[in-house]
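All of the numbers you see were taken from the coordinates with simple rules; none came from a lab. Here the structure is a predicted model, which is why all the values come from computation and not from measurement. Using ideal geometry, Cβ is built from the backbone for each residue, glycine included, and neighbour counts are taken over all protein chains shown.
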């Protein structure tokens with residue numbers, strides 16, 4: 001999509017949190033600054049304007065720029081209904097020539113129904129990316145995927161928007177969005193959780209948590225690089241893939257002695273890893289049976305309801 005075509009999108013962003021702020025910078029970087037950015041945080045709007053240069057910005061939702069043709073609701077899920085209700089009270093706006101999308105991964109476009117009744121085309125447009133702070137550079141949107149949904153007749157416009165930002169759209173229908181979002185959460189949020197649990201284990205060894213975090217980062221990055229060109233089955237390494245029962249038993253014993261609450265977490269993850277190893281075809285039936293028995297026994301002995 002050419003830059004000229006992308007500038008046909010006259011974008012307003014409602015919500016200047018981590019995602020909305022980064023999107024505003026991205027639009028400016030691409031030569032298509034937002035027509036307006038609306039947020040309750042007046043002080044932050046002043047700061048954001050320096051790096052994103054919107055045509056206008058306001059703390060009032062009824063200051064929606066009249067020339068807007070593409071409205072992005074970048075507000076938390078639990079504020080979306082309230083935001084839509086407030087927007088639906090704006091009577092001067094030409095909703096019939098506007099596409100309205102939210103950026104929620106879990107919700108479908110039905111939450112935008114009041115605006116659809118006013119004539120707007122509605123959709124969902126969720127970036128599969130993390131935005132840790134409000135100060136992220138616009139290139140966080142480079143080469144990422146988006147889970148989108150809209151009426152069939154208007155999907156092309158939504159795809160053009162994603163392509164214009166440098167991304168790749170994947171259509172996720174309303175019925176599939178909860179499971180789709182769950183998949184995103186497992187990879188993003190629970191990777192952070194696993195990193196924190198790794199820090200707990202290292203702390204039990206006497207390693208400073210910050211040092212432990214730095215120690216594990218190259219390992220995490222190496223694992224991710226492995227997944228870039230190979231499937232999870234092909235990328236799997238480690239004691240379970242090798243059928244190393246002694247090491248797994250040692251892990252369980254050490255956790256049981258020092259961090260017993262982590263045994264069920266370890267055992268559940270190990271059982272899922274064993275299923276991958278079976279698909280990798282590196283283990284004999286006897287090894288699979290032995291590891292399955294070891295892990296199931298550990299899980300049963302350390303279930304929370306047994307303590």
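What is the calculated FRET efficiency for residue 214 to residue 78, with r their C-beta to C-beta distance and R₀ = 30 Å, to the nearest 0.05?
According to the calculation, E is roughly 0.30.
Tell me, how many Å apart are the Cα centres for the stretch 153-212 and for the stretch 17-74?
Cα centroid of the stretch 153-212 versus Cα centroid of the stretch 17-74: 25 Å apart.
Would you list the P(r) distribution for the stretch 161-206, with all Cα-Cα distances sorted into 10 Å bins from 0 and each bin expressed as a whole %?
With 10 Å bins starting at 0, P(r) equals 22, 27, 28, 15, 8.
Sort 157, 25 by Cβ crowding within 10 Å, fewest neighbours at the top.
With the sparsest Cβ surroundings first, the list reads 157, 25.
Of the DSSP beta bridges with both residues in the stretch 3-172, give the percent that are antiparallel, rounding to the nearest 5.
Bridges in the stretch 3-172 are about 15 percent antiparallel.
Compute for the stretch 230-307: radius of gyration divided by Kirkwood radius, i.e. Rg/Rh, restricted to C-alpha atoms, rounded to two decimals.
0.99
I want to make sure I understand the PRE zone here: with the label point 7 angstrom from the Cα of residue 44 toward its beta carbon, which residues in the stretch 131-168 have backbone N atoms less than 20 Å away?
Once the point is set 7 Å along Cα→Cβ of residue 44, 131-141 turn out to lie under 20 Å by backbone N, inside the stretch 131-168.
To check you understand DSSP bridge types, tell me what percent of the beta bridges within the chain (both residues inside) are antiparallel, rounded to 5.
Beta bridges within the chain, antiparallel portion: roughly 15 percent.
Can you give me the distance in nm between label points at residue 293 and residue 155, each placed 7 Å from the Cα along the Cα-to-Cβ direction?
Result: 5.1 nm between the two label points.
Where in the stretch 187-221 does the label zone of residue 272 land, with the point 7 angstrom along Cα→C-beta and an amide N cut-off under 14 Å?
187-195
Take residue 8 and residue 143, extend 7 Å from each Cα along the Cα→Cβ direction, and tell me the distance between the two endpoints in nm.
In this crude spin-label approximation the distance works out to 2.8 nm.
For the chain, what does the helix formula give at 222 nm: sum of -39500 (n - 2.57) over DSSP H segments with n ≥ 4, over the residue count, nearest 500 deg cm²/dmol?
One gets -16000 deg cm²/dmol as the mean residue ellipticity at 222 nm.
Could you run the Debye sum over the Cα atoms of the chain, one equal point scatterer each and no solvent, and tell me log10 of I(q)/I(0) at q = 0.08, 0.13 Å⁻¹, two decimals?
Rounded to two decimals, the profile gives -0.49, -0.95.
If R₀ is 22 angstrom, what is the calculated FRET efficiency for the pair residue 183 and residue 265, using the beta carbon separation as r and rounding to 0.05?
It comes to 0.65.
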